[in-house]
Amino acid sequence: MGIQILLHIGIVMILSPLLLGIIGKTKAFFAGRWGPPLLQPYYDIGKLFQKGNVYSITTTWIFQAAPIVCLAVVLVSSFFIPLGGLKAPIQFWGDIILFAYLYGLARFLMMIAALDTGSSFEGMGASREAAFSCLAEVVLFLDFIILALLSKKFVLSEIIEGNILSSWPLFGPVLLLVGASYFLVLLVENARIPIDDPAIHLELTMIHEVMALDHSGWDLAYIYYGGAIKLFVLGGLFVNILIPYHSLSSVMQTVMFSGGMIMLALTIGIVESCMARLRLNRIPLLLISAFVLALVGGIVVLVKGV
Amino acid sequence: MLLFLILLPLFGGAIAFVLPKNQQRRTILPWVSLIHLIGVGSLWKFLPDTQFNGFLGLDVLGRLILTVVSLLFVAVSFYLWGYLNDEEKHSDRIFMSSLLFFLSAMTLVTMSRHMGLLWIAIEATTLFSAPLINFHRSPHSVEATWKYLLICSVGIALALLGTLFLAVAATSVGTVFLGALLENASLLSIPWLKLSVIFLFVGYGTKMGLAPMHTWLPDAHSEAPSPVSALLSGVLLNCAFLGILRVFQICVAAGQTAFAQDLFLIMGLLSLLVAAIFVIGQADYKRLFAYSSVENMGILALGIGLGGVGLYGSLFHMINNAFAKGMIFLVTGNIYQAYQSKKVKDVKGLLGSYPVTGIFLVMGFLAVTGVPPFGTFYSELMILNAAIQSRHYWVAFFYILFLAVIFMGIAESVLRMLHRGTKGQTTGPAPPMAGPAHKEDLRLILPILFLGAIVLILGFYMPSFLDDALKGSSALLGGR
Amino acid sequence: MWLELALILIIFLGIIILGNNRLGTMIQLFALQSFILSMTPLLVHPGIHAVIMTAATIILKVLVMPSLLFWAIRHVSIRREVQPLIGYGKTLILGGFFIGAAFFISSKMDLPVKAISNLLVPSAFSIVMIGFLLLVSRFKAITQVIGYLVMENGIFLFALLLLEKTPLLVEMGVLLDIFVAVLIMGIVVNHINEEFESTNTIHLTALRD
């Protein structure tokens, strides 16, 4: 088990910035540019690790603890999902709730760290993050409930592995609804367009990035790295839900999983190229739409019976 | 014969659309409607068999309503002859052909023996009457037309859903032909029948102007040209009523009379309540009589809901009301032409300036509110009788209360219009705005006289053929 | 399975229409919804009736009505619903609530007809309710027409249940009626625009008691 965990950590740490690189390349392609190299996120993180930290005198230990805890928490969350042929190293009854709340913990720490700076911009970002993510959390849980209902299991990797497969022929439409609403949650959680634009640095419109304004050096690298891993893990879950590959051989599983992840990155890149960032007051609307979609899926499952 | 009656106005309308001059169109209209009336009259000798695989057919009830439609249409078409001369502004091509298409659609409503066809016919009446309401093309009439179209279309969409539910309920019958449904009513699935009855009730009730869905009615009636208001109020509402009665027939046959009657009672009382509230202090005399239509539709529903004598009374009231409403709206047409205003306060000294119109207004007012010796009085009395016989004392109490309130509300406005007013009120702009130059045109008088005479005669004397028809129709609805 | 996919997509599009404020997008979404809808007769009872229904629906609801509506919005040059009566978020939540109610009610009614899929009736109810919601919560005349059409789509869905039984005549009549209704509504929309220089039905409040 120790080996498995180390393997998971290794894969996640090594591959996750690549996802960001693919997204960046896709966007550059659609904009007709050559764009930064595929490995640019690695360079960025590496560059940040070479710098020192600067701390404001008003901050306390919370500010310093938050980035490292965030990174640790998202790494832990990756233990609950299978990555291609690799089984999930940790699984127990109810881990689905732990999975959801690990992100809650990360978000909580980021928010209080942002408040810790005493900066009005960061406070604004924290309040937005809180408002939108509390809407997103409802949707995420609704999706999990539907999946749990479909499989009658309460262990994340079992839900994914065994039963998505058997549900596809009968409940394909429901899984599509779940996929659609989960995709919106994914965009919100990772602060992608059309929710938030990670490239813009205008405090008034930023949501997620604004909270990291005062972080520097290693801390900032942790936050970037954590964000990349978060996208990787949540994206991995998305791929696991939508692609029923779990009965194949483990090599094929790995191939399918990697293909799915690349497709996901391309999709996000395309969505980001096609859409503009939404106005802030439209974001709750999007989340409510996601909620209603998930709700319809849930109702359908209940009506059809499992 | 049945097909002829449907096609005649249809062709008439098509010809009217092609004809180049307003004058020619105006002469076609009375002729077509007269021939239509003669054709309808010939149906009273015997009832034709159903035709077109059972889609078309006429029963006693349908024939009764068809006759009312045709008679009122003749009166209105002659009235229009005189009325439209004053509104020579633009071509009335669309108006005239819509009018004739409207007649055709209403004829089809009375002849439909298939619930789907009935739905199509009622929807067609909505579509053809929309251009009629929009005749003046003023902002107000556009607003009224929009509300009319939208509310009635939504209502009619619900009715379509209800018809589909009915088809689901009739799975074991296999069709939604009225005859087959009535014969095999015991095979209907009751929960779906109930659901369908509620939807059809709301849907056709919207068209009929029953209370919570009546909101289009005052607007449409007040903004349409008066002859059109007369048609809307006198016959269109009755066509929708026929739609509801067909549903009621099915309910009776399926043994769900009590359920349907409760619906009728609730809607009826609600309509009376709404009419009573809005009649008081109504500033617009056409809206005033439009609310009186809501009231009378409520009375019809109440009569059906009470059953027994109420069925006969309700059908009788439907006839009386059609003619009385036709009459009063034609009178308002005369008043509007004389004063160019629909406000009660602008009309003063009617009895002095236009004695004939004034007297007709009094007559019409007494007729629509149900004062003896008009036929409406007797039909309203029958419904009261039915309420007491069936021990619905509370219903009887509210019925009398609302009728009294509505009578007083209308009387107040009408009396103000008749007289020149007291000193304190003459401070406003000088009355008769159009001046006394207007002579009362005979063509605008005779149709009113004709309709008034019918209501009056029905108050004294019930022809035996009408009595038979009413008895036969109420027997269809489960009365004895 | 394919039918259910179509039904879910139709509901999905209904929800998206409900949350949208651009009239052009709404019309496109409606056309898409109608297109998926027009495929359903083929999935339910393949046969000559179904083919005719599909063809008629594609012509009327996918081609003619959207282009009429586009013509109307070009003519009156409005692009979006400015201020709905009930906010978008609230309508969406209400919509979700109504869908739940639709599923609940239809689970209480047992069908005498052999149902093709037990999702058909609840989805039909849901679409009717979404259309109704759209109709009552918006002020623009065109949005109201779209709401009416969405409602009609729901009714169409319900009529699928009876495709074998109801004669074609009635179905055709229904489609034609809807078409004429939209035509006349379009003309009236145009009149509203001429008279008020806006197709906002909020201006239509002169007539009241």
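Please treat every number below as a calculation from the coordinates, not as lab data. Because the structure is a prediction, the values reported are computed rather than measured. Backbone-built Cβ (ideal geometry, glycine too); neighbour counts: all protein chains shown.
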Amide H partners (placed H, <5 Å) of residue B:284, local residues excluded
B:344
Can you list the equivalent-ellipsoid semi-axes of the stretch A:2-304, largest first and in whole Å, using the square root of 5 times each Cα gyration tensor eigenvalue?
30, 22, 20
Within 10 Å of each Cβ of A:282-289, how many other protein chain Cβ atoms are there on average?
5
Mind ranking A:179-187, C:100-108 by how tightly packed they are, going by the mean number of other C-beta atoms within 10 angstrom, highest first?
A:179-187, C:100-108
Taking Cα pairs closer than 8 Å and at least 6 residues apart, the relative contact order of the stretch B:1-144 in percent is 31
Would you calculate a helix-derived [θ] at 222 nm for chain A, using -39,500 (n - 2.57) for each DSSP H run of n ≥ 4 and dividing by the full residue count, to the nearest 500?
-24000 deg cm²/dmol
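Using only alpha carbon pairs under 8 Å that are at least six residues apart, calculate the relative contact order of the stretch A:54-145 and give it in whole percent. Could you put the intermediate results ahead of the total?
Numbers: 68 pairs, mean separation 31.0, N = 92.
It rounds to 34 percent for the stretch A:54-145.
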How many partner chain Cβ atoms sit within 10 Å of a residue's Cβ in peptide A:293-302, on average, as a whole number?
6
Given the -39500 (n - 2.57) contribution per DSSP H run of 4+ residues, what per-residue ellipticity at 222 nm results for chain B, rounded to the nearest 500 deg cm²/dmol?
-24500 deg cm²/dmol
By the scheme Lys and Arg +1, Asp and Glu -1, what is the net charge of all other residues having a beta-carbon under 12 Å from that of residue B:19?
+3
Taking B:199-205, A:61-67 and ranking on average Cβ neighbours within 10 Å, highest first, one gets B:199-205, A:61-67
Which order, highest average first, do A:1-12, B:34-45 follow once you tally other Cβ atoms within 10 Å for each residue and take the mean per peptide?
B:34-45, A:1-12
So what's the protein assembly as shown giving for Cα Rg divided by 2.2 N^0.38 Å, two decimals?
1.14
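If neighbour count is taken as other Cβ atoms inside 10 Å, put B:325, A:27 in order from fewest to most.
Fewest-to-most ranking of B:325, A:27: A:27, B:325.
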Multiply the residue gap between residue A:170 and residue A:263 by 0.36 nm, knock off their C-alpha separation, and tell me the result in nm, one decimal place.
31.0 nm
What percent does the relative contact order of the stretch A:2-304 come to when contacts are Cα pairs within less than 8 Å and at least six residues apart?
30
Largest-first principal axis extents, alpha carbons of chain B, Å:
70, 56, 42
Averaged over peptide B:144-155, how many Cβ atoms belonging to another chain are found within 10 Å of each residue's Cβ?
5
